[in-house]
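The values are calculated or read from the model by the stated rules, or taken from the named source; none is laboratory data. The shown structure was predicted, so the numbers you read here are calculated from the model rather than taken from an experiment. Every residue, glycine among them, receives a Cβ derived from its backbone with ideal geometry; neighbour counts consider all protein chains shown.
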Amino acid sequence: MGETGHSNVITNCIGGGSKTSYIDMVNCTGHVESGDFYLLCSDGLTDMITDEELETLLNDGANAAHLCQAAIDAGGFDNVSACLIKIV
């Protein structure tokens, strides 16, 4: 909405009326243990950083902001969103 309204408000959602949107889901076994991480992210992250790079970043203690910055530093062709959940 830019100058005519709040630009920090999400104005779309997954699917958002598009007939071609999809969500990649990986089966979760329900076997959750302390120390497990769950990453919810947009393709702006996964299109810019390989699985191996993500694994390295996470093993080095990266948080969601670090992951987003790594995607931006790699070229950031799209919006980048990430939510990292650690089971304690």
Q: Give the residue that is farthest from the chain's Cα centre (by Cα), with candidates limited to residues of the range 38-53 that are hydrophobic (A, V, I, L, M, F, W, C) and within 18 Å of Ile87 (Cα to Cα).
A: Leu39
Q. Is one or more of the residues making up the range 62-69 within 14 Å of the chain's Cα centre (by Cα), over 18 Å from Tyr38 (Cβ atoms), in a helix (DSSP H, G or I) and not β-branched (Val, Ile, Thr)?
A. yes
Q: Give just the number: which of (1) under 11 Å from the mean Cα position of the chain (by Cα); (2) modelled with pLDDT of 90 or more; (3) in a loop (DSSP other than H, G, I, E, B) does Gly75 not satisfy?
A: (1)
Q: Report whether or not Glu33 is loosely packed, with under 10 Cβ neighbours inside 10 Å, at pLDDT 85 or above and in a helix (DSSP H, G or I).
A: no
(Q) Any residue in the range 50-71 that is free of Cβ contacts under 8 Å to residues at least 40 places away in the same chain sitting within a Cβ distance under 9 Å of a residue that is of a type in the set (Gly, Ala, Ser) and in a helix (DSSP H, G or I)? List the pairs, counting only those 6 or more apart or interchain. (A) Glu53/Ala70; Leu54/Ala70; Leu57/Ala70; Ala62/Ala70; Cys68/Gly44; Ala71/Gly44
